[in-house]
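K.L.:
Take a look at the following structure, please.
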Amino acid sequence: MALHRLSSITIGVPNVEDTCRYYAEFGLTRNGASLSTSDGGEQLRITESPARRLIELCIGADDPDDLARVSDRLSRLGVAIERDPTAVSALEIHSGARVVVKVLPRITQEPAAMEPANRPGCPQRRNGRAPAILRQDHVRPRKLGHVVIGTPDAEASQRFFGDGIGFKISDRIRGLAAFMRCSTDHHNLLLQPSPVAFLHHTSWQVDDVDEVGRGAMTMLEGHPERHVWGLGRHFIGSNFFWYLRDPAGNFSEYYSDMDSITDDQLWTPGMWEPSLRALYAWGPDVPPSMLEPDDLADLMATSHQG
Ligand SMILES: [Fe+2]
């Protein structure tokens with residue numbers, strides 16, 4: 001039938017223990033160097049690597065016919081593949097990430113509680129406090145939403161993921177980025193040109209904007225250096241966001257309310273001009289580290305040693 005989810009990633013970092021602790025604090029459930037979300041199961045593995053990077057990306061497909069189609073398309077692009085009855089995998093040479101497509105069950109999510117809101121002219125919550133201000137529990141991401149990577153040949157990487165794996169393009173920023181999906185989420189992968197391959201950020205779904213704010217504020221208690229960018233709302237994808245920095249330098253994002261594309265015929269992909277407007281509808285100014293990583297020189301030095 002189709003690709004249906006971004007199921008898990010493996011990231012490489014020089015400081016595995018510190019990074020595992022960070023993601024446990026971020027709200028993932030830790031089991032050694034593997035971390036789980038409440039709805040997506042085990043979705044993050046952290047392993048040792050001289051420079052921070054995305055090592056593997058795993059995508060769920062419905063059945064073996066999907067694997068056959070992925071194999072055919074990758075072969076037509078001249079990509080070497082490994083194949084077994086339940087999976088097909090290949091190395092995307094520009095980003096250095098191994099991509100595995102596996103037959104997996106679709107993700108199911110319990111609907112988040114609909115909390116009444118007081119909008120002008122239609123107050124739904126009369127004589128009571130907002131449930132959101134009474135929340136006490138630790139914020140727990142529901143699932144991994146998307147991954148953003150820098151790649152030295154963004155066009156070739158895009159061909160691999162689009163024409164090869166079967167990602168669809170939801171929107172583009174001219175000359176800068178392609179927002180691609182392998183599920184009904186507006187994007188599960190974004191590729192951006194960079195002098196060196198690196199992991200820009202991973203993004204984790206929470207119930208609503210209150211959870212974005214609560215999660216980020218908890219992470220910043222005693223750690224103001226973790227703050228990167230937020231609270232804001234993206235223009236492309238529409239999601240609320242707050243970005244934080246992990247101890248290896250990767251950004252991790254809490255997000256909610258992203259656009260959902262359930263019928264390809266009803267979505268018109270846009271081509272947006274590169275401008276800050278394309279990045280966000282509102283929020284604080286974009287910090288320079290969102291556009292170019294602070295550790296770019298270190299990443300380049302490590303990649304040249306490799
Ligand atoms: Fe993001």
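K.L.:
List the strands (runs of 3 or more DSSP E) that sit entirely inside the range 221-266 and contain at least 3 residues that are within 16 Å of ASN188 (Cβ to Cβ) and within 11 Å of the ligand (Cβ to nearest atom).
P.N.:
251-256
K.L.:
Considering only residues that are of a type in the set (D, E, K, R) and touching a residue at least 24 places away in the same chain (Cβ under 8 Å), which ones fall in the range 275-291?
P.N.:
Within the range 275-291, ARG277 is the sole residue that qualifies.
K.L.:
Shifting gears a bit: Is there any pair linking a residue in the range 24-39 that is touching a residue at least 60 places away in the same chain (Cβ under 8 Å) to one that is open to solvent by less than 40 Å² (accessible area, probe 1.4 Å) and acidic (Asp, Glu), with Cβ under 9 Å and at least six apart or on different chains, and which?
P.N.:
That search, which allows pairs on different chains as well, returns PHE26/ASP246.
K.L.:
Only residues in the range 188-201 that are under 14 Å from PHE161 (Cβ atoms) count as the first member; pair them with residues that are hydrophobic (A, V, I, L, M, F, W, C) and assigned to a loop (DSSP other than H, G, I, E, B), Cβ under 6 angstrom, at least 6 apart or cross-chain, and list the lot.
P.N.:
The qualifying pairs are ASN188/CYS182.
K.L.:
Here's something else I'd like to know. So which residues in the range 145-154 are away from the ligand (no atom under 13 Å from the Cβ) and surrounded by 19 or more Cβ atoms within 10 Å (Cβ to Cβ), if there are any at all?
P.N.:
GLY150, THR151, ALA154
K.L.:
Output the residues belonging to the range 177-201 that are surrounded by fewer than 18 Cβ atoms within 10 Å (Cβ to Cβ) and within 15 Å of the ligand (Cβ to nearest atom).
P.N.:
GLN192
K.L.:
Could you list, in sequence order, the residues of the range 155-176 that are open to solvent by 20 Å² or more (accessible area, probe 1.4 Å) and without any contact (Cβ under 8 Å) to a residue 60 or more places away in the chain?
P.N.:
GLU155, GLN158
K.L.:
Please indicate, with yes or no, whether at least one residue in the range 65-80 is in contact with a Cys (Cβ under 9 Å, 6 or more places away or on another chain) and farther than 11 Å from ILE165 by Cβ.
P.N.:
Looking for residues that are in contact with a Cys (Cβ under 9 Å, 6 or more places away or on another chain) and farther than 11 Å from ILE165 by Cβ, one finds none in the range 65-80, hence no.
K.L.:
Okay, next question. Of all the residues that make up the range 58-72, how many are within 16 Å of ARG98 (Cα to Cα) and in a helix (DSSP H, G or I)?
P.N.:
Residues that pass the stated criteria total 3.
K.L.:
Would you check which residues across the range 120-154 are in a loop (DSSP other than H, G, I, E, B) and in contact (Cβ under 8 Å) with a residue 24 or more places away in the chain and list them?
P.N.:
Selection gives ARG135, HIS138, VAL139, ARG140, PRO141, ARG142, PRO152, ASP153.
K.L.:
Scanning the range 202-212 for residues that are open to solvent by 10 Å² or more (accessible area, probe 1.4 Å) and within 16 Å of the ligand (Cβ to nearest atom), which turns out nearest to the chain's Cα centre (by Cα)?
P.N.:
GLN205
K.L.:
In the range 5-27, how many residues are touching a helix residue (DSSP H, G or I) at 6+ places or on another chain (Cβ under 9 Å) and either open to solvent by less than 40 Å² (accessible area, probe 1.4 Å) or modelled with pLDDT under 95 (or both)?
P.N.:
Residues that pass the stated criteria total 5.
K.L.:
So, ALA87, is that one open to solvent by 20 Å² or more (accessible area, probe 1.4 Å), without any contact (Cβ under 8 Å) to a residue 40 or more places away in the chain, under 24 Å from VAL103 (Cα atoms) and more than 17 Å from the chain's Cα centre (by Cα) or not?
P.N.:
Criteria not met by ALA87.
K.L.:
Within the range 280-306, count every residue that is of a type outside the set (Phe, Trp, Tyr) and in contact with a strand residue (DSSP E or B) (Cβ under 7 Å, 6 or more places away or on another chain).
P.N.:
Residues meeting the conditions: 9.
K.L.:
May I pose another question? Looking only at the range 267-288, count how many residues are hydroxyl-bearing (Ser, Thr, Tyr) and either modelled with pLDDT of 95 or more or part of a strand (DSSP E or B) (or both).
P.N.:
Within the range 267-288, residues that are hydroxyl-bearing (Ser, Thr, Tyr) and either modelled with pLDDT of 95 or more or part of a strand (DSSP E or B) (or both) number 2.
The values are calculated or read from the model by the stated rules, or taken from the named source; none is laboratory data. Everything numeric in this text was worked out from a predicted model, so none of it was measured. Note that each Cβ is placed from the backbone with ideal geometry, even for glycine, and that neighbours are counted across all protein chains shown. To get the accessible areas, we keep the full protein, side chains included, count just its heavy atoms, and leave off ligands, DNA and RNA. Shrake-Rupley method; radii C 1.70, N 1.55, O 1.52, S 1.80 Å.
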